[in-house]
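The values are calculated or read from the model by the stated rules, or taken from the named source; none is laboratory data. Remember, it's a predicted structure, so these values are computed and weren't measured experimentally. Reconstructed Cβ throughout: ideal geometry from the backbone, glycine too, with neighbour counts over all protein chains shown. Areas reflect the complete protein model, heavy atoms only, side chains present, ligands, DNA and RNA absent. Shrake-Rupley method; radii C 1.70, N 1.55, O 1.52, S 1.80 Å.
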Amino acid sequence: MTKTILITGASRGIGRATALLCGAEGWAVAVNYARDGAAAAETVARVKEAGGDAFAMQGDVRDEAAVAALFERTVETFGGLDGVVNNAGIVAPKSTVAEMSVERMRGVFETNVLGAYIVAREAARRMTRGSIVNVSSAAARLGSAGEYVDYAGSKGAMDTMTTGLSNELAPRGIRVNAVRPGLIATDIHASGGQPDRADRLGGATPIGRAGTAEEVAQAIIWLLSDKASYVTGATVDVSGGR
Ligand code: NAP
(Lines give C-alpha, C1' and ligand atoms only; values in the text may rest on other atoms or scores of the structure.)
Protein backbone atom coordinates (compact mmCIF):
# COMPACT_ATOMS: atom_id res chain seq x y z
CA MET A 1 0.00 0.00 0.00
CA THR A 2 1.23 3.51 -0.80
CA LYS A 3 2.17 5.45 2.29
CA THR A 4 2.65 9.20 2.71
CA ILE A 5 5.62 10.15 4.84
CA LEU A 6 6.97 13.49 6.11
CA ILE A 7 10.69 13.53 6.95
CA THR A 8 12.36 16.50 8.65
CA GLY A 9 15.97 17.10 7.65
CA ALA A 10 15.81 14.97 4.51
CA SER A 11 18.22 16.97 2.34
CA ARG A 12 21.10 14.68 3.32
CA GLY A 13 22.32 12.01 5.72
CA ILE A 14 19.89 9.70 7.51
CA GLY A 15 16.85 11.72 6.42
CA ARG A 16 17.76 11.46 2.74
CA ALA A 17 18.58 7.73 3.03
CA THR A 18 15.15 7.19 4.60
CA ALA A 19 13.46 9.18 1.83
CA LEU A 20 15.19 7.03 -0.81
CA LEU A 21 14.05 3.79 0.81
CA CYS A 22 10.51 5.21 1.03
CA GLY A 23 10.77 5.91 -2.69
CA ALA A 24 11.83 2.33 -3.36
CA GLU A 25 8.66 1.21 -1.53
CA GLY A 26 6.66 3.46 -3.88
CA TRP A 27 5.70 5.80 -1.03
CA ALA A 28 5.19 9.58 -1.26
CA VAL A 29 7.61 11.75 0.72
CA ALA A 30 7.61 15.34 1.96
CA VAL A 31 11.32 16.28 2.02
CA ASN A 32 11.90 19.00 4.61
CA TYR A 33 15.18 20.90 4.90
CA ALA A 34 16.55 24.01 6.61
CA ARG A 35 19.13 25.61 4.30
CA ASP A 36 20.23 23.41 1.42
CA GLY A 37 17.49 23.61 -1.22
CA ALA A 38 19.70 22.11 -3.94
CA ALA A 39 20.40 19.02 -1.84
CA ALA A 40 16.69 18.68 -1.02
CA ALA A 41 15.86 18.93 -4.74
CA GLU A 42 18.33 16.12 -5.38
CA THR A 43 16.63 13.98 -2.73
CA VAL A 44 13.28 14.61 -4.45
CA ALA A 45 14.67 13.63 -7.86
CA ARG A 46 16.18 10.44 -6.44
CA VAL A 47 12.96 9.46 -4.62
CA LYS A 48 11.09 9.80 -7.91
CA GLU A 49 13.76 7.78 -9.75
CA ALA A 50 13.37 5.06 -7.12
CA GLY A 51 9.65 4.83 -7.84
CA GLY A 52 8.06 7.14 -5.28
CA ASP A 53 6.62 10.65 -5.29
CA ALA A 54 8.11 13.63 -3.45
CA PHE A 55 8.27 17.38 -2.97
CA ALA A 56 10.74 19.53 -1.05
CA MET A 57 9.81 22.20 1.46
CA GLN A 58 12.05 24.52 3.43
CA GLY A 59 11.11 24.96 7.06
CA ASP A 60 13.03 25.35 10.28
CA VAL A 61 11.75 22.86 12.87
CA ARG A 62 12.22 25.54 15.55
CA ASP A 63 9.58 27.68 13.81
CA GLU A 64 6.05 26.72 14.87
CA ALA A 65 4.38 28.34 11.85
CA ALA A 66 6.81 26.76 9.41
CA VAL A 67 6.22 23.30 10.85
CA ALA A 68 2.43 23.78 10.71
CA ALA A 69 2.72 24.86 7.06
CA LEU A 70 4.85 21.81 6.29
CA PHE A 71 2.21 19.46 7.70
CA GLU A 72 -0.61 21.33 5.94
CA ARG A 73 1.09 21.11 2.55
CA THR A 74 1.90 17.44 3.04
CA VAL A 75 -1.70 16.51 3.87
CA GLU A 76 -3.04 18.70 1.03
CA THR A 77 -0.60 17.30 -1.53
CA PHE A 78 -0.78 13.63 -0.60
CA GLY A 79 -4.31 13.49 0.86
CA GLY A 80 -3.23 12.18 4.26
CA LEU A 81 -0.29 11.32 6.43
CA ASP A 82 0.84 7.80 7.37
CA GLY A 83 4.23 8.52 8.84
CA VAL A 84 6.48 11.21 10.30
CA VAL A 85 10.23 10.85 10.71
CA ASN A 86 11.32 13.38 13.32
CA ASN A 87 14.92 13.47 12.12
CA ALA A 88 16.31 17.03 11.89
CA GLY A 89 19.07 17.51 14.44
CA ILE A 90 22.40 19.21 15.05
CA VAL A 91 25.57 18.85 17.08
CA ALA A 92 27.94 21.58 18.22
CA PRO A 93 31.76 21.42 18.35
CA LYS A 94 33.45 19.18 20.88
CA SER A 95 33.45 20.74 24.36
CA THR A 96 33.24 19.90 28.04
CA VAL A 97 30.14 21.05 29.90
CA ALA A 98 32.32 23.48 31.86
CA GLU A 99 33.34 25.22 28.65
CA MET A 100 29.90 25.42 27.00
CA SER A 101 28.32 28.80 26.30
CA VAL A 102 24.61 29.23 26.97
CA GLU A 103 24.21 30.33 23.35
CA ARG A 104 25.56 26.98 22.14
CA MET A 105 23.41 24.96 24.55
CA ARG A 106 20.33 27.00 23.55
CA GLY A 107 21.01 26.24 19.88
CA VAL A 108 21.25 22.49 20.48
CA PHE A 109 18.18 22.34 22.72
CA GLU A 110 16.08 24.58 20.45
CA THR A 111 16.64 22.35 17.41
CA ASN A 112 16.86 18.90 18.98
CA VAL A 113 14.32 19.27 21.79
CA LEU A 114 11.95 22.16 21.05
CA GLY A 115 12.01 21.50 17.29
CA ALA A 116 11.42 17.77 17.77
CA TYR A 117 8.58 18.46 20.21
CA ILE A 118 6.94 20.95 17.81
CA VAL A 119 7.09 18.34 15.03
CA ALA A 120 5.71 15.68 17.38
CA ARG A 121 2.90 17.98 18.48
CA GLU A 122 1.85 18.73 14.91
CA ALA A 123 1.95 15.00 14.13
CA ALA A 124 -0.21 14.27 17.19
CA ARG A 125 -2.71 16.95 16.15
CA ARG A 126 -3.01 16.01 12.51
CA MET A 127 -2.41 12.27 12.15
CA THR A 128 -5.36 9.94 12.23
CA ARG A 129 -3.35 6.76 11.66
CA GLY A 130 0.20 5.56 11.18
CA SER A 131 3.59 5.79 12.77
CA ILE A 132 5.99 8.41 14.12
CA VAL A 133 9.71 7.63 14.27
CA ASN A 134 11.97 9.85 16.38
CA VAL A 135 15.64 9.86 15.42
CA SER A 136 17.38 9.87 18.78
CA SER A 137 20.99 8.81 19.39
CA ALA A 138 23.04 6.26 21.30
CA ALA A 139 24.42 9.41 22.96
CA ALA A 140 21.25 9.41 25.10
CA ARG A 141 22.62 6.26 26.79
CA LEU A 142 26.32 7.11 26.64
CA GLY A 143 26.29 10.75 27.78
CA SER A 144 29.00 11.92 25.32
CA ALA A 145 31.45 13.12 28.00
CA GLY A 146 34.04 15.56 26.69
CA GLU A 147 32.24 15.89 23.36
CA TYR A 148 28.67 17.12 23.68
CA VAL A 149 26.74 16.34 26.82
CA ASP A 150 24.18 18.93 25.69
CA TYR A 151 23.45 16.91 22.53
CA ALA A 152 23.26 13.66 24.54
CA GLY A 153 20.73 15.24 26.91
CA SER A 154 18.67 16.55 24.02
CA LYS A 155 18.34 12.99 22.71
CA GLY A 156 17.47 11.76 26.21
CA ALA A 157 14.54 14.19 26.07
CA MET A 158 13.52 12.66 22.76
CA ASP A 159 13.56 9.15 24.27
CA THR A 160 11.32 10.33 27.11
CA MET A 161 8.97 11.98 24.62
CA THR A 162 8.84 8.71 22.68
CA THR A 163 7.62 6.87 25.79
CA GLY A 164 5.02 9.46 26.77
CA LEU A 165 3.69 10.23 23.31
CA SER A 166 3.46 6.54 22.43
CA ASN A 167 1.22 6.02 25.45
CA GLU A 168 -0.93 9.03 24.51
CA LEU A 169 -1.37 8.00 20.88
CA ALA A 170 -1.66 4.21 21.08
CA PRO A 171 -5.41 4.34 21.75
CA ARG A 172 -5.78 6.33 18.50
CA GLY A 173 -3.91 3.66 16.51
CA ILE A 174 -0.76 5.76 16.07
CA ARG A 175 2.56 4.12 16.98
CA VAL A 176 5.54 6.16 18.24
CA ASN A 177 9.05 4.71 18.34
CA ALA A 178 12.66 5.89 18.26
CA VAL A 179 15.84 4.73 16.60
CA ARG A 180 19.15 5.40 18.35
CA PRO A 181 21.91 5.51 15.72
CA GLY A 182 25.52 5.11 16.85
CA LEU A 183 28.49 6.32 14.82
CA ILE A 184 27.06 6.87 11.36
CA ALA A 185 29.06 8.30 8.44
CA THR A 186 27.23 11.52 7.56
CA ASP A 187 28.03 15.25 7.31
CA ILE A 188 26.89 15.87 10.89
CA HIS A 189 30.38 15.14 12.20
CA ALA A 190 31.95 17.77 9.92
CA SER A 191 29.36 20.28 11.08
CA GLY A 192 30.57 19.55 14.63
CA GLY A 193 34.19 20.16 13.57
CA GLN A 194 35.18 16.44 13.46
CA PRO A 195 34.79 15.25 9.83
CA ASP A 196 36.70 12.01 10.51
CA ARG A 197 34.81 11.15 13.73
CA ALA A 198 32.73 8.22 12.46
CA ASP A 199 35.70 6.53 10.77
CA ARG A 200 38.10 7.31 13.62
CA LEU A 201 35.86 5.92 16.37
CA GLY A 202 33.90 3.34 14.36
CA GLY A 203 36.72 0.77 14.60
CA ALA A 204 36.31 0.66 18.38
CA THR A 205 32.66 -0.46 18.20
CA PRO A 206 31.96 -4.19 18.72
CA ILE A 207 31.07 -4.50 15.01
CA GLY A 208 34.33 -2.73 14.15
CA ARG A 209 33.20 0.02 11.80
CA ALA A 210 30.97 3.07 11.47
CA GLY A 211 27.42 2.51 10.21
CA THR A 212 25.82 3.93 7.09
CA ALA A 213 22.81 6.20 6.81
CA GLU A 214 21.04 3.45 4.87
CA GLU A 215 21.50 0.98 7.74
CA VAL A 216 19.68 3.41 10.03
CA ALA A 217 17.05 4.08 7.37
CA GLN A 218 16.26 0.35 7.14
CA ALA A 219 15.25 0.33 10.82
CA ILE A 220 13.18 3.51 10.33
CA ILE A 221 11.38 1.99 7.33
CA TRP A 222 10.54 -1.11 9.35
CA LEU A 223 9.08 1.02 12.16
CA LEU A 224 7.06 3.03 9.60
CA SER A 225 5.77 -0.13 7.98
CA ASP A 226 2.85 -2.33 8.94
CA LYS A 227 5.39 -5.08 9.72
CA ALA A 228 5.97 -3.27 13.03
CA SER A 229 2.24 -3.18 13.81
CA TYR A 230 2.67 -4.27 17.47
CA VAL A 231 5.73 -2.09 18.19
CA THR A 232 5.21 1.19 20.03
CA GLY A 233 7.16 3.04 22.72
CA ALA A 234 10.32 1.19 21.63
CA THR A 235 13.83 2.54 21.11
CA VAL A 236 15.78 0.54 18.54
CA ASP A 237 19.57 0.81 18.77
CA VAL A 238 21.31 0.90 15.38
CA SER A 239 24.77 1.31 16.84
CA GLY A 240 26.97 -1.68 16.00
CA GLY A 241 26.76 -2.95 19.58
CA ARG A 242 28.10 0.26 21.09
P1 NAP B 1 23.16 15.65 8.75
O2 NAP B 1 23.78 14.85 7.67
O3 NAP B 1 23.92 16.78 9.36
O4 NAP B 1 21.73 16.18 8.22
C5 NAP B 1 20.96 17.00 9.06
C6 NAP B 1 19.67 17.33 8.35
O7 NAP B 1 18.86 18.10 9.26
C8 NAP B 1 19.86 18.16 7.11
O9 NAP B 1 18.90 17.76 6.17
C10 NAP B 1 19.54 19.58 7.60
O11 NAP B 1 19.01 20.41 6.56
C12 NAP B 1 18.47 19.30 8.62
N13 NAP B 1 18.32 20.34 9.65
C14 NAP B 1 19.25 20.82 10.51
N15 NAP B 1 18.70 21.78 11.30
C16 NAP B 1 17.41 21.88 10.92
C17 NAP B 1 16.32 22.69 11.33
N18 NAP B 1 16.46 23.59 12.33
N19 NAP B 1 15.13 22.56 10.72
C20 NAP B 1 14.97 21.66 9.70
N21 NAP B 1 15.96 20.86 9.26
C22 NAP B 1 17.16 20.98 9.85
O23 NAP B 1 22.75 14.73 10.00
P24 NAP B 1 22.50 13.15 10.14
O25 NAP B 1 23.76 12.53 10.62
O26 NAP B 1 21.80 12.61 8.97
O27 NAP B 1 21.53 13.19 11.41
C28 NAP B 1 20.13 13.03 11.32
C29 NAP B 1 19.62 12.75 12.71
O30 NAP B 1 20.28 11.58 13.21
C31 NAP B 1 19.92 13.86 13.73
O32 NAP B 1 18.81 14.03 14.59
C33 NAP B 1 21.10 13.32 14.49
O34 NAP B 1 21.17 13.85 15.80
C35 NAP B 1 20.82 11.84 14.48
N36 NAP B 1 22.00 11.01 14.71
C37 NAP B 1 23.03 11.01 13.84
C38 NAP B 1 24.16 10.22 14.12
C39 NAP B 1 25.36 10.14 13.22
O40 NAP B 1 26.39 9.60 13.63
N41 NAP B 1 25.30 10.68 12.00
C42 NAP B 1 24.19 9.45 15.28
C43 NAP B 1 23.12 9.48 16.15
C44 NAP B 1 22.02 10.26 15.85
P45 NAP B 1 19.96 21.47 5.73
O46 NAP B 1 21.17 20.70 5.29
O47 NAP B 1 19.13 21.93 4.60
O48 NAP B 1 20.26 22.56 6.69
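Which members of segment 28-87 meet the condition of being within 27 Å of GLY107 (Cα to Cα) and among the aromatic types (Phe, Trp, Tyr)?
TYR33, PHE71 - these are the residues of segment 28-87 that are within 27 Å of GLY107 (Cα to Cα) and among the aromatic types (Phe, Trp, Tyr).
Can you tell me which of ILE7, ILE90 is over 22 Å from ARG126 (Cβ atoms) and within 13 Å of the ligand (Cβ to nearest atom)?
Only one candidate qualifies: ILE90.
Can you name the number of the only condition in (1) aliphatic (A, V, I, L, M); (2) crowded, with 19+ Cβ neighbours inside 10 Å; (3) within 12 Å of the ligand (Cβ to nearest atom) that LEU224 fails?
Result: LEU224 passes all but (3).
Name the residue that is nearest to TYR117 (Cα to Cα), counting only residues in segment 187-203 that are open to solvent by 30 Å² or more (accessible area, probe 1.4 Å) and in contact (Cβ under 8 Å) with a residue 24 or more places away in the chain. Please lay out each step first, then the result.
Initially, segment 187-203 is screened for residues open to solvent by 30 Å² or more (accessible area, probe 1.4 Å), giving 187-188, 190-191, 193, 195-196, 199-201, 203.
Remaining after also requiring in contact (Cβ under 8 Å) with a residue 24 or more places away in the chain: 187-188, 191, 193.
Details: ASP187: 24, ILE188: 21, SER191: 23, GLY193: 27 Å.
This residue is ILE188.
Just checking, which of VAL67, VAL75 is within 13 Å of the ligand (Cβ to nearest atom) and either out of contact with any Cys (no Cβ under 8 Å at 6 or more places or on another chain) or under 17 Å from TYR33 (Cα atoms) (or both)?
None of the other options fit; the residue is VAL67.
Can you go through ARG200, ARG180, ARG175 and tell me which one is touching a helix residue (DSSP H, G or I) at 6+ places or on another chain (Cβ under 8 Å), within 19 Å of GLY240 (Cα to Cα) and not aliphatic (A, V, I, L, M)?
From the options ARG200, ARG180, ARG175, the qualifying one is ARG180.
Rundown of residues vs (1) part of a helix (DSSP H, G or I); (2) among the hydrophobic types (A, V, I, L, M, F, W, C), yes/no style:
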{"residue": "GLN194", "(1), (2)": "no, no"}
{"residue": "ASP199", "(1), (2)": "yes, no"}
{"residue": "GLU214", "(1), (2)": "yes, no"}
{"residue": "LEU223", "(1), (2)": "yes, yes"}
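Do any residues in segment 122-148 that are within 26 Å of ARG73 (Cα to Cα) and modelled with pLDDT of 95 or more have Cβ atoms under 7 Å from those of residues that are open to solvent by 10 Å² or more (accessible area, probe 1.4 Å) and of a type in the set (Val, Ile, Thr), where the two are at least six apart or on different chains, and which pairs are they?
Close Cβ pairs satisfying both conditions: ARG126/VAL75; VAL135/ILE14; SER136/THR235.
Find the residue count for segment 173-194, including only residues that are modelled with pLDDT under 95 and more than 10 Å from the ligand (Cβ to nearest atom).
Counting residues in segment 173-194 that are modelled with pLDDT under 95 and more than 10 Å from the ligand (Cβ to nearest atom) gives 2.
Residues that are farther than 30 Å from GLU147 by Cβ and open to solvent by 40 Å² or more (accessible area, probe 1.4 Å): which helices (runs of 4 or more DSSP H) entirely in segment 16-109 hold 1 or more of them?
Helices (runs of 4 or more DSSP H) meeting the threshold: 37-50, 64-78.
If only one of ALA178, ALA116 is among the hydrophobic types (A, V, I, L, M, F, W, C), in contact with an Asp or Glu (Cβ under 7 Å, 6 or more places away or on another chain) and crowded, with 17+ Cβ neighbours inside 10 Å, which one is it?
Working: ALA116 fails: in contact with an Asp or Glu (Cβ under 7 Å, 6 or more places away or on another chain).
Only one candidate qualifies: ALA178.
In the list ARG126, ARG209, ARG141, which residue meets the criterion of being of a type in the set (D, E, K, R) and either within 22 Å of ALA228 (Cα to Cα) or open to solvent by less than 20 Å² (accessible area, probe 1.4 Å) (or both)? Steps first, please.
Details: ARG209 fails: either within 22 Å of ALA228 (Cα to Cα) or open to solvent by less than 20 Å² (accessible area, probe 1.4 Å) (or both); ARG141 fails: either within 22 Å of ALA228 (Cα to Cα) or open to solvent by less than 20 Å² (accessible area, probe 1.4 Å) (or both).
Step by step, each of ARG126, ARG209, ARG141 is checked, and only ARG126 is of a type in the set (D, E, K, R) and either within 22 Å of ALA228 (Cα to Cα) or open to solvent by less than 20 Å² (accessible area, probe 1.4 Å) (or both).
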